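See below for the structure under consideration.
FYI, it's all coordinate maths here, none of it is from the lab. Model, not experiment: these values are computed from the prediction. Quick reminder, even Gly has a Cβ in these numbers, built from the backbone with ideal geometry, and neighbours come from all protein chains shown.
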C-alpha cells in the first residue's frame with residue numbers, strides 16, 4: 001500500500017517554513033567559492049512557504065524508495081569517530097556499500113564522497129571553510145544530466161557500459177548523535193512532485209560545473225520527516241534514477257527548523273554518503 005492509499009491527514013505533523021526557489025529569469029547559479037568581482041554568490045533566492053510536515057514513523061513500512069523517493073532504514077555502525085576521515089573510509093564505506101548492495105538488490109555500489117555537517121548557529125555553509133551546515137533550501141543533489149555525468153566522472157573507463165543498465169545516485173544520511181531534535185530532514189513524496197517543479201541549477205566550482213535541482217513551490221507537494229532519529233537509523237534519499245518507467249527519479253529534501261525543538265537541544269551533527277548504485281538490465 002502506497003501513501004496515496006494512506007490517511008495522511010490523520011498523522012501527527014508540524015507546520016514549518018521551507019525555502020523553495022523564488023521566481024527567476026535565466027538558469028539559477030551558485031558559486032562554491034568566492035565569486036568573481038561583481039557577481040553574486042548565488043542567483044537562487046529563497047521563497048519561504050509554511051507547509052505541514054507529517055510524522056512518517058507510523059507509516060514507515062508503507063514508504064518505498066522507488067515510489068516516494070526516500071526510506072527509513074535501520075543501520076547500526078561500528079564507526080567510533082565520524083570526524084576521522086580515515087576511519088570513515090576504512091570502516092563506514094565498506095559497511096554501507098555491502099548494506100546498499102543487499103538492501104537495493106544492486107549489482108554494484110560505488111561510494112564517491114561524503115559530507116559531515118555540524119550546525120553552528122549563524123555560521124555560513126562554506127566548503128573547506130569550517131563545519132558544513134545543514135542545507136536549508138529544497139533541492140535534489142543531482143539532475144537528469146549530472147546524475148549520468150557522475151558515472152563518467154568517477155568511473156570514466158567503464159561509464160559507457162555501466163550507463164547501459166539502471167543507474168541510481170542514492171544518499172545514505174544519518175545523525176551522528178541522537179535522538180536528533182535539531183534541524184531534521186524533510187522529504188517530499190516524489191509522487192507529488194511534477195517534473196516542471198524541478199529547476200536545473202548550476203553549481204560552479206573552480207575547476208568544474210555541477211548541476212542540481214532547485215524546486216519551485218507547488219501546493220500539491222506532501223512533506224514527511226522522521227522525528228528523533230537515532231544514530232542506528234539512516235535515511236535513503238534518491239537523488240537520481242535512470243529508470244523512466246514511472247517510479248520516482250528525484251527526491252526533493254531539505255533541513256528545516258522544527259518548531260517543537262527544545263531550546264536546549266544539541267545542534268545537529270550528521271553524515272551523508274553519496275553513492276552510485278548499478279543494476280544490470
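One Cα centroid belongs to region 1-68, the other to region 93-128; the line between them spans 20 Å. Taking every C-alpha pair closer than 8 Å and separated by at least 6 residues, the mean separation divided by the residue count of region 14-279 gives a relative contact order of 33 percent.
The Cα atoms of region 161-281 give a gyration tensor whose axes a ≥ b ≥ c have a/c of 1.5 or more with a/b greater than b/c, which makes the shape prolate. With a ≥ b ≥ c taken as the square roots of the eigenvalues of the C-alpha gyration tensor of the chain, please select rounded if a/c is under 1.5 and otherwise prolate if a/b is larger than b/c or oblate if it is not? Rounded, because the longest to shortest axis ratio a/c is under 1.5. Of the peptides 29-38, 56-65, the ranking by mean beta-carbon count within 10 Å, highest at the top, reads 56-65, 29-38. For region 1-127, the gyration tensor built on C-alpha atoms gives an oblate shape. Its axis ratio a/c (a ≥ b ≥ c) is at least 1.5, and a/b is not larger than b/c.
Distance from the C-alpha centroid of region 153-186 to that of region 220-281: 10 Å, rounded to the whole angstrom.
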